[in-house]
Every structure is written in structure tokens, then in C-alpha cells.
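Working notes, structure below.
Bear in mind that the values in this text are calculations on the coordinates, not laboratory data. Note that the coordinates shown come from a computational prediction; the quantities given were computed from them, not determined experimentally. When we count neighbours, we look across all protein chains shown, and the Cβ atoms used for this are built from the backbone with ideal geometry, even at glycine.
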Amino acid sequence: MSDREYAVVGTRPVRHDGADKVTGRALYGADFQAAALLHGYILRSPHAHARILRIDTSKAMVLAGVKAVVTAADFPQGPDRMVDLGDGDVPLSYVRGNLLASGKALYRGHAVAAVAAVSRHIAEEAAGLIEVEYEPLPCVLTAPDAMQEGAPLLHEDLKTRELGEPTDRASNVADHLRFAMGDIDAGLAAADVVVEREFRTATVHQGYIEPHAATALWNNDGRVLVWCSTQGAFVVRDVTACVLDIPVSRVKVTPMEIGGGFGGKIPVYLEPVAALLSRKTGRPVKIVMSRKDVFEGSGPTPGSYIRVKIGVRNDGRITAAQAYLAYEAGANPGSMVVPGAMCIFAAYDIANVVIDCYDVVVNKPSTAAYRAPGATNAAFAAETVVDEIAEKLAIDPIEFRLRNAAKEGTRRADGPKYRRIGCVEVLETMKRHPHYNTPLEGPNRGRGVAVGFWFNIGFPSSCNLSVNADGTVNLVEGSTDIGGTRTSIAMQAAEVLGIAAEDVNPSVADTDSIGYTFATGGSRTTFATGWAAWEAAQDVMRQLKERAAKLWDADAASVTAEAGVFRSGDKVLTFRELAARLDETGGPVVGRGAVNPKGVGGSFSGCIADVEVDPETGKVSVLRFTSVQDVGKAIHPSYVEGQMQGGSVQGIGWALNEEYYMSPEGTMLNSSFLDYRMPTALDLPMIDTAIVEVQNPGHPFGVRGVGEANIVPPPAAIANAIYRAAGVRMRRLPMNPPAVMEAIWKQRD
Amino acid sequence: MPEVHIPAMLRELTGGRSTVEAAGATIREVIEDLERRWPGIRDRLIDGGRLRPNLAVAVDGEVSPLGLREAVEPSSEVHFVAAIKGGV
């Protein structure tokens, strides 16, 4: 556990960007303005699956106020190749094809053409004048349907990779992978109880409040300038350069403030299209998605079909576990089924495991990452079966999990042994939490628990520090700030420098002004960019000790620093006093940190949910909810709690309300926040949090990363609570009133 | 020698063995040694001079950003795992 006391780390200073955000002065993607700005509009396919036979833009082009129209034909045409643009290696043709459809529209809402005009209204009117001749094709909307023999094929050239090897089989299954450990048959044979169940989860959207927005200017000097809302400015730079076939040095991306992302703003949808329109017009072009565009044209998380089979001895030890996962990738391969498979049994020490996973394309938008991508679907299945087994064995559900919990040295099904982890500590915290020990009284009420895991990631980050003469420090970094990371990064620098967090001025820079920094995602920013800040601060301290030594005519090795005070013998200077004397000791002090760190620490999260089920309507009300998570070290506990609460609320949304409600023709019928019901503060109780700190030995301050694991267990915990409230096992998400009523009626029959 | 854990999907190349020993001071050298004994395995792990797309290597339980250049000790445990990126 974390037992070290820090001066800054672990405290709760006011966030540096707080004033701008609460006064409305912060500038988001759509706020960008420029002289001679044009407005873009994207025409989207009305069909879920159709061949594009002809696009005639002539009528649109002659509409007064229209300056340019682009289609996929305006992209550089060249041979296809694999590119790594921030979310794994993908064919360039898929990236370009998702920006503007070429040959086929693969989902309703697929971008087909774009217009730039003097106003958004004229651009929208012009888009309506573009004639697109489609040949509608049958669509397929779920993974099981898409895997059927004879299902409509999205990509005629897509051949299934079977267990890592290419095949000649054309299908909608892009990949079939397997993880195996031990002897599954022997493990199941050794079990006294075996439970096998199947589950389905709906397509859900990240639901970030700010729609995608981007402005691009293809400048006369050949440079492309971009201002946008993104989780990764360097991802946008690299994708834009790659798609437009220009060097990355010709693209400069300035990240605006971002109103949420949750993984959905790592992919790029608008910037290269805006750049093409700008090249044609010589003017900056801004494109802002509507909410309908966001739902229909950006990447939600996969719907899925999962089977889980778990064998257990009467003493409560799991002997074997088997899973089959088929995830909807959307229009292009890459569904995050692999991390789902790697997480599905990650909370447990199981000797015999087989996991088969399938990445399946369907006629829905290409899916994107969403907070612990793939893991929430998987945990809903596994944790519901675990709960059912615990009940069959009459063992307390937390105690059952503790008997099987993963710990340091446990081998996961995908191979590696865990280093220091906090699964047991999370479960023990849940077990002794007042919530778990308070009786839940009243009819139709039930309590459920579940746990979940997410890996977290490292990847490159950069940070620069410059010391000001007044003793403050400017911090420049490349991670867009979604959840208060300016402050969590600044606090780590301040801790090393021995100054207050408020004396560090953090700013997020454009891609010309800071070294490469991977996207804000994977719960990596406080871990990796914080590490870069730690390293930059070490660099500053080394230089400052040298400067103090110069002033004192002493050996730099004799200079010590503690709590912002430099000493050598009886000589003393505060950080502020020394900062004022930089000119006379050699000039500015600038520290740099650039890392690609190892030492990533995975995070476990658990939750306790109390619900009440209305037996007349099936409506589920959450009465009380507690989120518990091992975060390694909470740099700023308020923001850690905020992440835990946010992830919990999103998980509750998955559980009870959210889904892409699709017509048989592949049209999303609820593409507005009025009909796509995300839980709000009015729907939920206060989400209680319990921070567990099992230090990650791989980070200077023990940070693990906190942004994702908390979304993993809520749907399963709520399903388990519904069972105890209403006596029905729910195996499909969302568990909305019709679904719960149907289950209750079936049980009555 | 480092102990290499063979992913389920490559075990047909190692006669069904899930763990094998391979000599080398780096992941690249370990793979070259694997290739000498289990021909074909290199191409399943390496593409264009680097680890295959969407593949990562973990040494002693820790995913390495250095890939083929990662150093290994004689006591090291090596895993080839799916590369994970993320969501928030």
C-alpha cells in the first residue's frame, strides 16, 4: 500500500484550467474562428450498405456561396499499405474509406462527400443537391448474423485470419484469435459445478458532450494547419499527413479544449476532409458534427455476443474457464475483441483457460475505443456467471472472488504473470466497506457486486519546463487535458521541484512546440506524461544545483535540495531566490523530459450496487452505488474520484439504458440525446468512491492510471443486483424496462 | 536461458510446446534462436524488421516499448502478447 507522504502529490489544489472552464472562456473545437473562414458540411449515406454507382456534384457546385466539393476521388490515389495511426495497424484504404466512402457505403451515416461554403446552411443545402446513385445491398447488423454462411459481405477482399494465419476464406470475420493455458478438458472434468451462459451487449456510444469539430487551413506555403477537438494532436497530425500523402512536418495540429472523448476522439473523421476543402478554396474550412452525425458517423463501442463456461469445485476454487467472444467491429476490422478476451478472466487465478475471440465487420459505424475497450462487455458475461456460481455454492460473492483472486505471480490467460497488483486489496476494501455491511431492506431491492480489470498503457510522452525569474515554472506538454491532467502532471513536477502546484503553469502545446506525445488514452496521461514531467523536473533540479554551486563557489555535488530550499554547508537559497539569479549564473534553465516508459501497472476496480426493480414496469432504480479502485497513487484524489464516478455512471448507462436502437435496414432510430438515454445526475444517487493505493513499483510516484477500469464492473454488478431484487438473471444489455419485464414475465410463466 | 511462452496460435510450430528455452541477450536474438529450432516462427513474430503489427513483447510480465531491442536475462520470462492501446 502507499505509505509515503508527499508535499504536493495526494493533495487537492484547484485545477489550473478551472477558471476558464467555469466562466466559459475556454475555447473548444467549434469555437475556433479565422478570417475568411468557410464552413463545411458532410453528406452521409442514407443506406447501411450500398454500392456507390455515381456521384454528381455539379448542381451543388453552382449554388451561390459554395466554394468547393470533395469526394473520395480527391484523396491521393496510390497503393494500399498498413499504417499505425494511433489505434493499431490498419490498411490505409480503410482509414481513407472511412473519411469519405469509396465504392461502397458501409453504414448509414458513412461520409460520402463534403461541401465548403460561406455558411453552414448553404453548405448543407448544397450537400442536398449532390446526386448520389446507390445500389442498396442487404445489410447485416450483429456479429452472429454476420458470421453466418451466406451473410452479405462488407468487404469482398477481406479474408479471415485464422489463429494468426491468413486464409483464402472471404467472410465478415476479420480475425479469429485464441488464448489457451493449461488443460481445459481436465479442468472442467475436475469441477463439481459447471455453468455455461450466453450474453449479448448493445452498441453504445461514448456520448462525449462536445461533438467532433475541426478547422483546417492548407496554407500557401504548403503547410496544413489544423485546430480541432482531439484526444491526440499527434494522432491527428500523423493521420492527416498519411491520408493526404504529405510529410508529417507539413502538418501542425493545435488541440483546442476537449469536451470529453473516452476513446472516441482518438480516431480522425474531419481534419483531412477539411484540409482537402481548404486546398481547393485557399481558405480555412471548419466542420462541426451535429449530434446525429456523432451517433451515425463516429465510432461507438462494439455490440457483442459472448459465451462463458466456468467450472468450480465445491470448495469454491475455479478449475477451468472458457469463453467465446464475437464483437462487432463496425464497418472495418478492429473491434477491441482482443483486449476483451485478455480481460475476461483477468481477475482470477485459473489454471485451465481457453478463450476464442472473433473480430467481425457489420454495417454499423467503425467502432472506436471506449474506456477499457472490450473489457466491459466481457466482464458483464464473466462476472454474471461468477455470481451465479457463488450463489449455487452458497458462498458470499466477494468471498468467492477472494478465493480465486489474481495476485502477484498469477498468470493471465494471455501469458504474462502479474507484477504487483491490487485485486485482493480491492475485494477486501469492498468486503469491509460500510455499503456492503449495511443491510438492504425493502421489497424488490437487491445488491450486486462485480470486479473488472484494465491493463493501462505507457507510450511516448514529452514535457518541457522553464524556470521563471519569479520562482514559478512554465510546463509545456502534449497531452490534451480531458480529466484534469494539466494539474496532475503539474503536481508531479511541483513535487520534485519543491514548489507549490499553483507555481507551475501548465499548458498543452501544438505539435510543433513539444515532442511527440501519444494520445490521451489508455489511462496513460498521468502515468506517462507525468513521468515525463518528473524527468524534466529532475533535469531542472540538476541544473539549479549547478547554478547554486556557481553562486556559492561550491561543488555541485555538495548542494542538496529539499522542499524548495537549496543548501550547501551554511549557504541557503530558496527556489524563488535562486530562480531570480539565473542570468548571472548562465542564463535560462530549461528542463526536458521525454519518455517511452515501461512499468505500466494494471488497475482493478470493483463496485457495489443497490437497485430497486419496479415489478409493474421493469424500471430499475439505482439506490446506492460504490466504486472501489486500485489507482496505485492518487496524484489528485478529487480527479481520481471524478474518474471513478464518471466511469461508474457510464457503466450504469450501458447497464440500464444505452443502445443503438437499429431498424432492420440499419438506421439508428434514436440518434439524439432525447432518445439515446444516458443517465444524468437526476437519475442517480451520489456515486461513493473508495480509493485503494497499491503502489505501482514501475512509476516514480506509484501511479497506475485511473481512467478506465471503473467502467468495467458496473453492468455485471447491476445485473447481479437485479437478480437479487427480482429473481431474474439478465444476460442482455441494456437491462431497460422492456427487457426486465420480459424476463419477469418469462419467469412467471 | 530465457523461457519463452509460445502463444496458443503458434504452438503448432513448436510441436505443441507452450514454453521453450531460447538463447539470446535481446528479443531479436531470442527469436533468431527460436527460428533455428522451430523454422517459420520468426515470420509469425516479425514483419519488416519489427514485431508484427498489433503484437508486443512482455519480459518478466512487463510490456516493452523497445520491442526486438529489449534486453533479456538468462532468467527472463518472455511472452508475445497482443498490443493494447486504450480509451480514455
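Here are the numbers for this structure:
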| item | result |
| --- | --- |
| Farthest positive-ward along segment A:543-678 dipole, Cα basis, beta-carbon charges - from A:Leu674, A:Met644, A:Gly593 | A:Gly593 |
| Quarter of the Cα convex hull surface for segment A:664-724, i.e. its orientation-mean projected area (nm²) | 8.2 nm² |
| Charged-residue dipole, Cβ positions (Lys, Arg, Asp, Glu), segment A:598-691 about Cα centre, Debye nearest 20 | 500 debye |
| Computed Kirkwood radius, in angstrom, where 1/r is averaged over Cα pairs of segment A:449-582 | 15.7 Å |
| Length-normalised contact order for chain A - Cα pairs under 8 Å, 6+ apart - percent | 15 percent |
| Segment A:683-749, relative contact order [Cα under 8 Å, separation at least 6], % | 16 percent |
| Kirkwood hydrodynamic radius (C-alpha pairs) into Stokes-Einstein, segment A:1-78, 37 °C and 0.692 mPa s, D in µm²/s | 172 µm²/s |
| Rg followed by Dmax, in Å, when segment A:255-375 is reduced to its Cα trace | 19.9, 73 |
| Global size of chain B as Cα Rg and Dmax, reported in angstrom | 12.2, 42 |
| Distance cut-off 25 Å, percentage of C-alpha pairs in segment A:344-483 lying past it | 49 percent |
| Charge sum, other residues only, whose C-beta stays under 12 Å from A:Val9's C-beta, Lys/Arg counted +1 and Asp/Glu -1 | 0 |
| Residues A:Phe459, A:Phe673, A:Phe625, A:Phe453, sorted so that the one with the fewest Cβ neighbours within 10 Å comes first | A:Phe673, A:Phe459, A:Phe625, A:Phe453 |
| Segment A:46-133 pair-distance distribution - Cα-Cα, 10 Å bins, rounded % | 17, 41, 31, 11, 0 |
| Segment A:164-307: translational diffusion in µm²/s, Stokes-Einstein, Kirkwood Rh over Cα pairs, 10 °C, 1.306 mPa s | 85 µm²/s |
| Alpha-carbon gyration tensor eigenvalues x 5, square-rooted, for segment A:70-203, Å | 41, 19, 15 |
| For chain A, calculated [θ]222 nm from helices alone, where every DSSP H run of n ≥ 4 adds -39500 (n - 2.57) | -7500 deg cm²/dmol |
| Span from the segment A:194-253 Cα centroid across to the segment A:543-596 one, whole angstrom | 42 Å |
| Around A:Asn352: net Lys/Arg minus Asp/Glu count, Cβ-Cβ under 11 Å | -2 |
| For segment A:363-428, convex hull of alpha carbons as volume per residue, Å³ | 131 Å³ |
| Calculated P(r) tail over 26 Å for segment A:630-749, as whole % of Cα pairs | 37 percent |
| P(r), alpha carbons of the protein assembly as shown - 20 Å bins starting at zero, rounded % | 15, 47, 32, 5, 0 |
| Packing-based exposure ordering (other Cβ within 10 Å, fewest first) of A:Tyr134, A:Tyr327 | A:Tyr134, A:Tyr327 |
| Descending Cα extents along the principal axes, segment A:485-550, whole Å | 42, 24, 17 |
| Quotient of Cα Rg and 2.2 N^0.38 Å for segment A:1-149, N being how many residues it contains | 1.53 |
| Relative contact order [Cα under 8 Å, 6+ residues apart], chain B, whole percent | 35 percent |
| Stokes-Einstein D in µm²/s, Kirkwood radius over Cα pairs - segment A:277-322 at 10 °C with 1.306 mPa s viscosity | 99 µm²/s |
| Of A:Lys550/A:Lys571; A:Lys545/A:Lys571; A:Lys417/A:Lys598; A:Lys309/A:Lys364; A:Lys392/A:Lys746, pairs whose Cα-Cα distance is over 18 Å | A:Lys309/A:Lys364; A:Lys392/A:Lys746 |
| Point-charge dipole on Cβ atoms (K/R +1, D/E -1) for segment A:174-324, about Cα centre, debye to 20 | 600 debye |
| 18 Å Cα-Cα threshold exceeded, pairs from A:Lys67/A:Lys286; A:Lys265/A:Lys292; A:Lys67/A:Lys265; A:Lys265/A:Lys633 | A:Lys67/A:Lys265; A:Lys265/A:Lys633 |
| About the Cα centre, charge dipole magnitude for chain A (Lys/Arg +1, Asp/Glu -1 at Cβ), debye | 260 debye |
| Highest to lowest packing among A:722-730, A:515-523, scored as the average C-beta count within 10 Å | A:515-523, A:722-730 |
| For segment A:68-142 and segment A:415-477, distance of Cα centres in Å | 39 Å |
| Computed over segment A:409-452, the ratio Rg/Rh where both radii use C-alpha atoms and Rh is Kirkwood | 1.18 |
| Tail weight of P(r) past 14 Å, computed on alpha-carbon pairs of segment A:588-635, percent | 73 percent |
| Hydrodynamic radius (Kirkwood) for segment A:417-508, which is based on Cα pairs only, to one decimal in Å | 17.4 Å |
